[in-house]
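The values are calculated or read from the model by the stated rules, or taken from the named source; none is laboratory data. All figures in this text were calculated on a predicted structure; none of them were measured in a lab. In this analysis, Cβ positions are derived from the backbone assuming ideal geometry, glycine residues included, and neighbour counts consider all displayed protein chains. Just so you know, the surface numbers come from the protein's heavy atoms only, side chains and all, with ligands and any DNA or RNA stripped out. Shrake-Rupley method; radii C 1.70, N 1.55, O 1.52, S 1.80 Å.
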Amino acid sequence: MTRVLLVEDDPQLVRALVINLQARHYGVDAAPDGATALRLAAARRPDVVLLDLGLPDMDGVDIIKALRGWSRVPILVLSARQASGEKVAALDAGADDYVTKPFSIDELLARLRAAVRRTEDAPHAPGPLLVETADFSIDLIAKKAIRDGQDVRLTPTEWHLLEILVTHPGRLITQKHLLQEVWGVSQRSKTNYLRVYMAQLRRKLETDPSHPRYLITEPGMGYRFEG
Ligand code: CA
């Protein structure tokens, strides 16, 4: 049974989520505040944490940092729509993904399954060697992109960016993370580098670069590869 630690102070939302999760055979522990969350995380060793960022006693980002001190448990953040700065801070602190309130239960369950699956896959597989989409494929060993049977010429910077995204399918990668990995800088002002390079990658790989299907922008947050 997959065990979920639900950290949320809204009792109505807790009730609805507990009913829905238990109906799908998840084991659920609920914590109404940060202190309880940290205690339960240590005592119950959940498989995934659903974390509301707005809690009465602690900042959600501090809970993520505390958990990341000793645990790699996937953390899915529940956050209000307006708070994109908050979501970025949560992702940079080590959260795996976020769902914006109000969310549909189906969306939440899909993200939950994806987060759990990523950790289940991780210890066994060394990662994919070939990433294939309907329009192009990426050979991570040969470091090549192939589209319509032809090699796509990529600069080392384009390749580095693409490699990070395609090796984390479905996962939101923050601007800060990409800037740090590819350019070694974390200044948010350098996000125009990212826009330029992502536009180039889309021109080279996407069938309709202005309506990308694979290299998705999450405005103000980062990028996601949908395989
Ligand atoms: Ca709250």
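Per-residue answers, yes or no, for (1) of a type outside the set (K, R); (2) in contact (Cβ under 8 Å) with a residue 12 or more places away in the chain; (3) over 30 Å from P46 (Cβ atoms):
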{"residue": "R111", "(1), (2), (3)": "no, yes, no"}
{"residue": "V116", "(1), (2), (3)": "yes, yes, no"}
{"residue": "R147", "(1), (2), (3)": "no, yes, yes"}
{"residue": "P156", "(1), (2), (3)": "yes, no, yes"}
{"residue": "H177", "(1), (2), (3)": "yes, yes, no"}
Here are E120, E163: which of them is touching a Lys or Arg at 6+ places or on another chain (Cβ under 9 Å) and at negative phi?
E163
Just to confirm my filter: which strands (runs of 3 or more DSSP E) fall fully inside the stretch 1-107 and include at least 2 residues that are away from the ligand (no atom under 16 Å from the Cβ) and more than 21 Å from the chain's Cα centre (by Cα)?
27-31
What is the residue count in the stretch 48-94 for residues that are open to solvent by 10 Å² or more (accessible area, probe 1.4 Å), hydroxyl-bearing (S, T, Y) and farther than 22 Å from G27 by Cα?
1
What's the number of the only condition in (1) more than 19 Å from the chain's Cα centre (by Cα); (2) within 20 Å of D135 (Cα to Cα) that V196 fails to meet?
(2)
Pairs where the first residue, in the stretch 209-222, is over 16 Å from T191 (Cβ atoms) and in a loop (DSSP other than H, G, I, E, B) and the second is among the polar types (S, T, N, Q) and open to solvent by 60 Å² or more (accessible area, probe 1.4 Å), C-beta under 9 Å, 6+ apart
R213/T207
Scan the stretch 165-187 residue by residue and report those that are in a helix (DSSP H, G or I), farther than 12 Å from E226 by Cβ and in contact with a strand residue (DSSP E or B) (Cβ under 6 Å, 6 or more places away or on another chain).
Q175
